[in-house]
Every structure is written in C-alpha cells, then in structure tokens.
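Each remark here refers to the structure printed beneath this line.
Every read-out reported here was derived from the displayed coordinates using simple, explicitly stated rules and does not represent laboratory data. Being a predicted model, the structure only gives us computed values, none of them experimental. No Cβ is skipped: glycine too gets one built from the backbone with ideal geometry, and neighbour counts run over all protein chains shown.
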Amino acid sequence: MSLSETKLSRDNADDGKDDAGRLQQYKNLTKHEELRRRRTECSVEIRKQKGADLMMKRRNIIDNEDDDLNECESENEDKDKLSNGNQMSNTNRLSNDEIKQILSSNPSEDDMIRCFESLRKSLSKTKNPPIDDVIQSGLINALVQALRVQNDRVQYEAAWALTNIVSGSTSQTMSAVEAGACAPLIELSCHSDGQIAEQALWAVANIAGDSAQLRDYVIECHGVEALMHIMSRIDQFTTSHVRTIAWALSNMCRHQNPHAPLPVLKVLAKGLAALVKHSDRQVRQDACWAVSYLTDGPDEQIELARESGVLSTIVSYLDESENLIAPALRTLGNVATGNDSLTQSVIDLGVLDRMVQLMEKTRSTSIMKECCWLISNIIAGTQKQIQAVLDAHLLPILVNILKSGDHKCQFEASWALSNLAQGGTSRQIVAMMEENVVPALCQALNTTHNQDMLNNTLETLYTLMLTVQTSYSHKMDILHDEVEENGGLDALERLQESQSESIYTQAYRIITQFFGDDENDENGQNDENSRASAAGMHKISGISKLRPL
C-alpha cells in the first residue's frame with residue numbers, strides 16, 4: 001500500500017467507526033499539561049545555544065584599556081609596577097568617596113560630567129564590575145537624580161552607568177528600580193537625542209528582562225506607550241538603535257509566569273509585525289524570538305500573532321540562516337500547539353512543503369529536533385492535518401530519524417509517530433508499516449533507556465498491530481515476522497521486567513494480545529481491557545495536541 005492510498009477520501013464509513021472505537025480506547029489526554037511544561041524547559045535550552053545575542057540582560061562595555069588597567073591594579077596591588085603611562089591614565093578615575101564629595105558640594109555641570117563618566121567607566125569593566133560598591137555607597141541615588149539634569153552628557157553618562165547596574169543580579173536591578181530609575185529612563189528613551197534615547201532604552205530592556213514582576217512594573221510606568229512612540233519614528237534611527245528596540249520588545253514578551261496582559265501583548269504584536277520585516281538580520285532575529293515568546297502560551301496569545309500578520313513573514317525565515325530558522329521553527333511549533341484552526345494556519349502557510357528540503361539539508365541537531373517537534377504538533381491535530389503531513393512525504397523522514405538520527409531527534413520523532421498512531425485513520429496508521437517503521441520501532445525498543453520514548457514506541461507498535469489485526473488482517477503474518485526478525489519480541493519480553501508500570505503494562509499487552517497462542521489470545525485481550533478500564537487509563541473526548549514541546 002502506497003502513501004497515495006492513504007487519502008481520506010477513500011476511507012469508508014466502517015473505517016470511521018473502527019477508528020472512533022480505537023481512539024476511545026487508546027487516546028491519552030493526561031500528558032497534555034506535563035508536556036507544555038517541558039516546552040518551557042526546551043525554550044531555555046535553545047536560548048542558551050544561541051549565545052549572548054539572546055541574553056535577557058546586556059552590558060555596555062567599551063573601555064577595554066581602562067578595564068585592563070583596573071584588573072592589573074586589583075591583581076597586583078602594587079602601584080610601583082605600573083608604567084608611568086598607565087599611572088597617568090588612572091588619574092582620571094575618581095573613587096566613590098571622591099565622587100560623593102564632589103557631588104555634595106554644589107557641583108557644576110562639568111563636575112557632574114566628570115563624576116558620572118568616572119562612575120560609568122568603573123561599571124563598564126569587563127570582569128567583576130563594582131556594582132555592589134556603587135549601591136552600598138549610595139551613589140545609585142545620585143545616578144537616578146542625574147537622569148533629570150538638563151544636560152545631555154550628564155543624562156547619557158548616568159543612563160549608561162545605570163544600564164550596567166541593572167544588567168546585574170535581580171537584587172542589584174531592584175536597587176536601581178527602588179531608587180526610582182525606571183520612570184525617568186522610560187522618559188529618556190523617547191529623548192530627541194538618539195544616543196541618550198538608545199542608552200536609556202537599553203537600561204529599560206534590562207529591567208524588563210529581569211523578571212515578570214519588573215516587566216509588569218515597566219508596563220505600569222508606561223513603558224509600552226513609550227515603545228510604541230519609538231516605533232512610530234523607527235525610520236529615523238540607526239541600526240544599532242533599532243536592534244535595541246527589537247531586543248526590548250523581546251524582553252517585554254519573554255516571561256511566562258505570568259505572561260504580560262493580553263491587551264499589552266496585542267500592542268506589542270503590532271510592533272513586532274513591522275520589526276520582522278526589517279533589513280537588519282539581528283533585528284529580525286530578536287523580533288522573531290519575541291514572537292516565539294508571544295506564542296508560547298494559550299490560544300488567545302497565539303491568535304494575536306496570527307491577527308498581526310507576522311506569521312507569513314516568519315515562514316520565509318525557513319529559507320534563511322540557522323539563527324533565523326531556529327526562532328521561526330519555535331514560533332510555528334508554538335502556533336501548531338493551539339486549536340485545530342491555529343494548527344491549520346501553519347499548514348495553509350505552506351510550512352510542510354518547506355520541511356522536506358529543510359530537514360534534508362540541515363546539519364544542525366537542534367534544527368532537526370525543532371522540525372520533528374513542529375511536525376508532531378501538526379500530526380496531533382485532525383485526520384485531515386495528519387494527511388497533509390503524509391502528502392508532504394514527511395513520514396519516511398520521521399521513520400528514518402527514529403532509526404538512525406541523533407537521540408534527541410529520535411525522541412521527537414517518536415512523539416510524531418505516536419501521535420499519528422493515536423489520532424490517524426486505519427489507512428494512515430498502516431502507512432507507517434509501508435514506510436518500514438517496524439525495524440525502527442524494534443531498534444528503539446532495544447536501544448533506548450528513555451521511558452517517555454519507550455512508552456511512545458510501545459504505544460505506536462501496539463496501535464499499529466491492533467489496526468492491522470482489525471482492518472488489514474492479511475498483513476498480520478508479515479507484521480509478526482517483521483517484529484520477530486528485528487528483535488522486537490525479545491525486547492518486549494525483556495521490557496516486562498521494567499520497573500516502570502506503564503512500560504511493563506504495554507509490553508505485556510502486546511505479547512499477550514498478538515504473540516500469545518490462539519487459545520489465550522481472547523483471554524489476554526479481555527484481561528488487558530479489564531486492567532485498562534479499571535485504571536482509567538484510556539479516555540478521550542476529542543482530538544487534542546499531545547506533543548507541545
């Protein structure tokens with residue numbers, strides 16, 4: 001039987017009844033919430049893989065020569081060993097006590113510039129910036145007051161220093177916020193001077209990136225209104241400034257516990273729709289990650305992304321470099337975890353047609369893993385959506401990945417095949433057998449120690465064998481032989497010794513129902529059905545997403 005024979009149009013009424021009965025027995029919806037939690041963990045993992053560009057906080061470091069000097073002083077504590085040139089360079093650096101003394105003596109604007117520049121340079125050290133020393137000295141209050149001094153240079157130096165303070169730990173960031181830094185920084189982010197505005201926005205982005213609590217405080221201080229005002233003038237800014245804007249929007253969307261209010265996210269989505277089309281790659285990258293955070297939530301949030309029109313642009317990223325493909329796949333996978341209408345929107349955008357080429361050319365394990373995760377979410381949809389995956393010729397790729405892919409990719413492929421087994425029609429399920437899935441399933445049973453993957457594999461094998469027995473009995477002998485020849489029966493016997501109740505139960509069920517002698521087949525099946533009924537293991541009220549990452 002070929003894949004073309006799996007068309008839904010050829011399913012008859014009897015198939016529908018058989019499928020409904022099988023689904024009532026074997027669909028398990030209790031995994032849904034557990035798997036949504038795992039998606040958050042994987043989000044953190046992939047962000048770590050992408051390096052400093054995706055950090056929640058960023059420091060502004062330029063003074064490398066001064067940094068080297070200060071490191072030398074700290075390590076050696078011997079001024080006599082410094083060269084005369086270095087000693088002269090250091091005479092411009094004021095101590096915290098000197099700064100306090102100058103600022104408390106009716107300083108001129110030049111004095112303030114000198115003090116805040118010195119403070120900024122100290123806080124711009126590459127290693128071990130003295131953030132706590134500045135906080136403990138009380139100078140953080142002086143920095144906040146300086147934000148309102150009507151002198152561009154004073155405001156710029158103070159904003160830069162505060163940027164590096166709020167790039168630190170949560171307690172360090174809170175010290176600046178409690179000193180009143182947030183509101184004036186938001187005001188300065190709309191300043192007519194581009195350098196001041198960008199530096200202030202950088203600090204605001206660091207505050208919003210710290211936690212959901214501080215993000216909400218930025219919102220309370222009218223940070224969203226400021227961002228939208230900035231977006232209205234985006235054509236006037238340098239590329240560096242626009243990158244900071246995109247990153248700030250990303251941090252506003254990032255936190256999940258709790259998410260930003262829906263009206264706020266709706267406004268941010270409109271800004272992101274413009275940024276994902278920007279000519280600069282880093283702007284597009286941060287904007288796309290922002291959309292991935294936006295869609296990492298309930299259907300109402302995902303709907304905002306669809307309504308904004310951003311998804312069609314993000315799909316085009318699948319033809320770009322990896323740093324754009326990764327957030328695009330994450331975003332589209334998130335959308336596919338939504339309701340059937342949202343899942344269908346991913347298909348309608350032509351994503352499946354791009355998957356084969358992408359999965360064949362990529363050498364990245366993380367990209368391949370994301371592809372499998374996205375496909376598994378689509379397969380967890382309706383039978384029409386499953387058929388779209390089959391028509392795109394993605395089933396052979398999934399089978400091949402399960403057989404010989406990286407172990408993380410194999411795990412994702414096992415979810416996709418399990419979802420197909422649990423939600424597909426009889427014809428769609430038997431298509432797996434035609435694509436030589438049995439050797440891959442048997443190999444997984446013999447080699448993997450991951451309990452979730454073992455459960456997926458056992459579920460898939462059981463449902464395949466049940467479907468063949470029920471609807472394609474003439475293929476049953478072939479299926480039996482394939483399982484035995486590929487070491488599947490030996491693996492099933494060994495898995496009956498598993499400490500996991502679910503693995504033991506599934507292995508026992510397959511052996512007793514399909515490999516027992518004829519006399520015990522009926523008894524084994526009745527016994528298994530009784531155990532499943534008593535445990536309440538298999539209940540279903542409809543098709544659901546089984547595999548949000």
Under a plain spin-label model, where a point goes 7 Å from the Cα along Cα-to-Cβ, how far apart in nm are Ser404 and Ile478? 2.3 nm
What's the exposure ranking of Lys361, Lys408, going from fewest to most Cβ atoms within 10 Å? Lys361, Lys408
Using Cα-only point scatterers and the Debye equation, what is log10 of I(q)/I(0) for segment 297-344 at each q in 0.13, 0.23, 0.28 Å⁻¹, rounded to two decimals? -0.27, -0.79, -1.04
Rounded to the nearest 0.05, FRET efficiency between Asp111 and Glu485 (Cβ-Cβ, R0 60 Å) equals 0.10
Around Thr362, what is the net charge, scoring Lys/Arg as +1 and Asp/Glu as -1 over all other residues with Cβ under 13 Å from its Cβ? -2
In which sequence would His259, His480, His474, His229 go, from the one with the fewest C-beta neighbours within 10 Å to the one with the most? His474, His229, His480, His259
How big is segment 86-214 by Rg and Dmax over its Cα atoms, in Å? 13.8, 45
Taking only Cα atoms of segment 280-397, radius of gyration then Dmax in Å: 13.1, 40
Using a 10 Å cut-off on Cβ atoms, rank the peptides 105-114, 453-462 from the highest mean neighbour count down. 453-462, 105-114
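Among Phe515, Phe411, which comes first, second and so on when ranked by fewest other beta-carbon atoms within 10 Å? All intermediate terms of the calculation are to be shown ahead of the outcome.
Working: Phe515 17, Phe411 21.
Ranking Phe515, Phe411 by Cβ neighbours within 10 Å, fewest first, gives Phe515, Phe411.
Please compare each pair in Lys266/Lys408; Lys277/Lys369; Lys100/Lys121; Lys403/Lys475 to a cut-off of 24 Å on the Cα-Cα distance and tell me which ones are over it. Before the final figure, lay out the partial values.
Details: Lys266/Lys408 34 Å; Lys277/Lys369 26 Å; Lys100/Lys121 16 Å; Lys403/Lys475 22 Å.
Going by Cα-Cα distance, Lys266/Lys408; Lys277/Lys369 fall outside the 24 Å limit.
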Calculated Rg and Dmax of segment 191-269 using C-alpha coordinates, Å: 11.9, 35
Within segment 133-221, report the chymotrypsin sites (Phe, Trp or Tyr not before Pro) that DSSP leaves as loop and that have at most 15 other Cβ atoms within 10 Å. none
Grab the other residues whose beta carbon is less than 9 angstrom from that of Ser308, score K and R as +1, D and E as -1, and report the net. +2
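Would you please give the FRET efficiency between His229 and Ser104, computed as 1/(1 + (r/R0)^6) with r the Cβ-Cβ distance and R0 = 35 Å, to the nearest 0.05?
On the way: r = 36 Å, r/R0 = 1.04.
In this case the efficiency is close to 0.45.
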Which shape class, rounded, prolate or oblate, goes with segment 332-444 when its Cα gyration tensor gives a ≥ b ≥ c as root eigenvalues, a/c under 1.5 marks rounded, and past that a/b bigger than b/c marks prolate? oblate
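Could you work out the Kirkwood radius for segment 151-249, taking every pair of different alpha carbons, averaging 1/r and inverting it, reported in Å?
Details: mean 1/r = 0.0766 Å⁻¹.
One over the average 1/r among Cα pairs gives 13.1 Å for segment 151-249.
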Would you mind classifying segment 452-519 by shape? Square roots of the alpha carbon gyration tensor eigenvalues, ordered a ≥ b ≥ c; an a/c under 1.5 is rounded, otherwise it is prolate if a/b is larger than b/c and oblate if not. prolate
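Using a/c under 1.5 as the rounded threshold, could you call segment 401-442 rounded, prolate or oblate? The axes a ≥ b ≥ c are square roots of the C-alpha gyration tensor eigenvalues, and prolate needs a/b larger than b/c, oblate otherwise. The partial results should precede the final answer.
Details: a/c = 3.16, a/b = 1.55, b/c = 2.04.
Because a/c hits 1.5 or more and a/b fails to exceed b/c, segment 401-442 counts as oblate.
What's the whole-number percent of alpha carbon pairs in segment 166-315 lying beyond 18 angstrom?
Of all Cα-Cα pairs in segment 166-315, 52 percent lie more than 18 Å apart.
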